[in-house]
Structure formats: C-alpha cells, structure tokens
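Each remark here refers to the structure printed beneath this line.
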Amino acid sequence: MANTSVIKYFRLHRGIPIFMLRVILGGLFIYASLHKIHDAVRFKDAVGNYEILPYWIVNVTAITIPWLEFMIGILLIAGVIVRACTIVNCSLLLLFNAAIGINIVRGIEIYCGCFSEGNLSSMTNYSHILLNTIWLAVGMILFILERRRFSHRFLQKIFMHK
C-alpha cells in the first residue's frame, strides 16, 4: 500500500525533481561556460595543452564548446528540448572524461579548463573524472525522467500552437 502511494505521489509531482535537475545541470553548464567565454585565449591554451586535437581545430573547439555549454544550460533551464540537450550534455561529459583520462595515462598534469582556476582543483586528476561521471549520471536521470519535448505547458502552447 505504501509503495503504491509513493508511486502515485511521484507521478503527480514528478515535475519538481525534473525542474530541479534541469536547473542544477543547466546552471552548472552556464557557470562553466562563462569564464571560458570571458577568457577565450586562456581556454584555447587549455584545449591546446591537452595535445589531443590537431592545431588547426583548437581555435574552433575553444570557441564552440563554451557557447554550446551556455546554450545547453539556457535550454535546460527553460525546459526546451530537454532530452536533446541532455544527449549533447552527456556527450560532452564523456568527451571531457576521455580527454582528462588520456592525459592522466600520459602522466601529463595540466590546467583542465573546466572552471576558472580558483574553483575546485584546477589540475587534471581522477576527481575530475569522478565529478564528470556524477554529472553524467544526473544527465542520464534527467533524460529518463523527461518525456516531453517542452517541459512547461506555457512554452508548449507558444511553440506548438502558432
């Protein structure tokens, strides 16, 4: 009996945890993008220090990733195309984990470029992989829970009924 009441409660109020996950994950990506956008040269140097990408694509990557993170964050918080954003979000987190892992295996300790240097640990290490994996799990949970194209009925009315 108690188990069915929990399920009924969750079905009625599942929008609350979805909204919280969207705000947390979207806020994280916006926060991570802001210093990269503000100090693009430093982020370009961080991307180049990984020594994974060919030199000619480092600039494109350093410009694209922060704006992609920013847009993902905005769209997640707004509740627009949440599932697509979580797919891109999780793909980026897997990519970041691979890049950090490659440099850990190489024995290269560099500034990761994740956040500004004053926040968290700024050097690549296993804690970054663990933290990215936790955020990856949050993104996967959000993907599973969110089933609608637009999370807010108001936005759905605007975009679906012209």
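Could you list all residues from segment 30-62 that are exposed (fewer than 15 other Cβ atoms within 10 Å of the Cβ) and aromatic (Phe, Trp, Tyr)?
Once the filter is applied, which keeps residues that are exposed (fewer than 15 other Cβ atoms within 10 Å of the Cβ) and aromatic (Phe, Trp, Tyr), segment 30-62 yields 55, 56.
Only one of (1) exposed (fewer than 13 other Cβ atoms within 10 Å of the Cβ); (2) of a type in the set (Gly, Ala, Ser); (3) modelled with pLDDT of 65 or more is not met by residue 139, so which one is it?
(1)
When you go through 118, 101, 107, 113 one by one, which is the residue that is small (Gly, Ala, Ser) and at pLDDT 90 or above?
Being small (Gly, Ala, Ser) and at pLDDT 90 or above holds for just one of 118, 101, 107, 113, which is 101.
Mind telling me which of the residues 150, 96 ends up being crowded, with 16+ Cβ neighbours inside 10 Å and at pLDDT below 75?
The conditions single out 150.
Table: residues versus (1) hydrophobic (A, V, I, L, M, F, W, C); (2) in contact (Cβ under 8 Å) with a residue 12 or more places away in the chain; (3) in a helix (DSSP H, G or I); (4) in contact with a strand residue (DSSP E or B) (Cβ under 7 Å, 6 or more places away or on another chain).
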position	(1), (2), (3), (4)
53	yes, no, no, no
57	yes, no, yes, no
62	yes, yes, yes, no
67	yes, yes, yes, no
71	yes, no, yes, no
75	yes, yes, yes, no
84	yes, no, yes, no
88	yes, yes, yes, no
91	no, no, yes, no
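The values are calculated or read from the model by the stated rules, or taken from the named source; none is laboratory data. Just so it is clear, the model here is predicted, and its values are computed rather than measured. Because the Cβ atoms are built from the backbone with ideal geometry, glycine has one as well, and the counts that use them run over all protein chains shown.
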